[in-house]
Structure formats: structure tokens, C-alpha cells
Amino acid sequence: MTTEPGDAGGSYQRVKSAGLDTVHGAILYLDDITVSFDGFKALNKLSLDISVGELRCIIGPNGAGKTTMMDVITGKTRPSSGTAFFGQTIDLSRMTEYDIAHAGIGRKFQRPTVFEQHTVFENLELAMKMDKRVRPTLWFRLSSEQKGRIDEVLKLIRLHGNETRLAGLLSHGQKQWLEIGMLLMQEPQLILLDEPVAGMSDAETARTAELLNELRGKHSIMVVEHDMGFVTEIAQGGKVTVLHEGAVLAEGTMQQVQADERVIEVYLGR
Ligand code: ADP
Ligand code: MG
């Protein structure tokens, strides 16, 4: 999709599905995906799909294959078998990591990777400049719409008033929010977050839940997290998927999976 005059200000108010063919509103299809590492199946016939605008929580024990699933979606790991589609027509298994990122899948790793020597504002600006649609030139100047968008993201990530601070001086939680903001600047259609609240204080975790609830419906989001209080806050009535031994063990509302005997057995405990 292209940036049109006047589009930038409220642009992330809408779910980004323009230019992406989707069937029955699904943005991501994983079908029968197997990933083998020297014979060990990190993913074992995993099938899962995500709807446009959905906020899907993924839980499951360590080693269940959650990160490997994100590696497959982003092209970091190739499946031994199975299919992975972004929308109806984009075959992720044939694309490089770079092309997948530019097709509109944004990923946040557990450790924040902000530019510590730059200010908060500059980090967001740099994320925007790296966007393929904005040609970075020596004479690049932000338009008022682009400044407006940065302002909007600053508010969303709770860093308004901190724009001139060096990113290196932020707390761990603030760095995580800044990185989410940098992802948002690139307007991804699908956002993957791997353990976003790991290492956060309780207050930061609560604010991150608020942030994700504000993004609900505006982006399609997949969140892997262990913090069950946090998952309960963001799952609301939506679907939670439980992975175990590389496959889907259970899927349903938070209440449904919490009441599932197999889930209690392998993950939640008694
Ligand atoms: P999770 O994120 O759910 O904790 P992972 O996807 O990181 O699980 O790992 C799933 C399983 O695959 C684990 O047993 C892990 O040791 C194994 N694994 C992950 N990556 C590799 C790799 N590059 N080589 C070998 N084994 C791996
Ligand atoms: Mg992991």
C-alpha cells in the first residue's frame, strides 16, 4: 500500500489489509508444518490460522515450539514440510526474511534492539525511514503528517514527553515499548511479539496489556507469553492457542483452555 496525503495521521486506526488477499478474513495460515532439527521435531504437523484484526495469544511450556513457529512465519527457519501463507496468495516458504518483513510481517524479539545512542524520537524516525515507501535521502524531511504519526505512536507507547531522551537511558519496559513503536511506524499488517513482558515490572506489564488492548482490531497480532495474568488481560473473549510438543494441544477462550484437563496436565499445573 502507498502513503497518500492526509493518510498518515489516522492511518493505524485501520486494520492493514489493503493489498493483501484474504479468504474468510484470515491473514495467516499455517498448515501441517513440521520443522526437524536433526530428527527432533520442534514443530510436528502444526496447523493454525489467524484472522485479520485478531489478537491471538499463544501459550505453552518451554520447548513447545512457540519461537520456532515465529521463525517459520518470518522466514528465519524453513519448514521440512507443510505450508505457510500470508493472506491467500503470499507463500512465506518461498520468501527471504527481508521480503517477508517488507510484505508486512513485523516481529519483536524478546531482547529490545533500539538504537541506544539516539533519542526516542529519532528511533521512531529511523524506523519510518527504513520503511520501503519512504525514500531515505540526504534531504529527507518529515512531513507534518509523518510528525503527527510519530506523535500518535509516542502517546500509544507511553513515551510522550520523553521524545528527546536517549533510548539508552530508558527503563527495560520503556525500551520494549519503544521497539513496539518502531514496529508500528512500519505499519505491519501482522505483528509477532515473543514474550513482550518478560523482565518487566508489574506496573509495566499492566501498561503493556493496556497498550495491546488499544491496538486490538487495528492490527493482527500474535503474542507468545508465559505471564498468565497478562494473557488473561489481553485475551478477553478471544482465542488462546496452547502449543505442546510442536503442535496445537488446545484452542479456545482463556476460560476454556484453563479448564482443559490436558492443558492443566502439561502446562498450567494443578
Ligand atoms: P519455545 O519457544 O516454545 O520455548 P522453541 O521453539 O524455542 O520453544 O524450541 C522448541 C524445541 O526445538 C526445543 O526443544 C528447542 O531446544 C528445539 N530447537 C529450537 N531451535 C533449535 C535449533 N536451531 N536447533 C536444534 N534444536 C532447536
Ligand atoms: Mg521461545
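Values quoted throughout were computed directly from the atomic coordinates according to the rules given, and no laboratory measurement underlies them. Please read all numbers here as calculations on a predicted model, not as lab measurements. Quick reminder, even Gly has a Cβ in these numbers, built from the backbone with ideal geometry, and neighbours come from all protein chains shown.
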- Item | Dipole-positive endmost among M128, T232, G39 within the chain (Cβ charges, Cα centre) | M128
- Query: To the nearest 20 debye, what is the magnitude of the charge dipole of segment 13-268 about its Cα centre, counting +1 on the Cβ of each Lys and Arg and -1 on the Cβ of each Asp and Glu?
  - Reply: 800 debye
- Message: If I take every Cα pair under 8 Å that is 6 or more residues apart in the chain, average their sequence separation and divide by the length, what percent do I get for the relative contact order?
- Response: 27 percent
- Item | Total lysine pairs under 14 Å (Cα atoms) in the chain, excluding pairs fewer than 8 apart on one chain | 9
- In whole Hz, what ³J(HN,Hα) sequence does segment 233-244 give by Karplus (6.51, -1.76, 1.60; θ = phi - 60°), x for Gly and Pro? 5, 9, 6, 6, x, x, 7, 10, 10, 9, 9, 8
- Sum of -39500 (n - 2.57) over DSSP H runs of 4+, divided by residues of the chain (222 nm, nearest 500): -8500 deg cm²/dmol
- Query: Can you give the translational diffusion coefficient of the chain in µm²/s, computed by Stokes-Einstein from the Kirkwood radius over Cα pairs at 20 °C and 1.002 mPa s?
  - Reply: 112 µm²/s
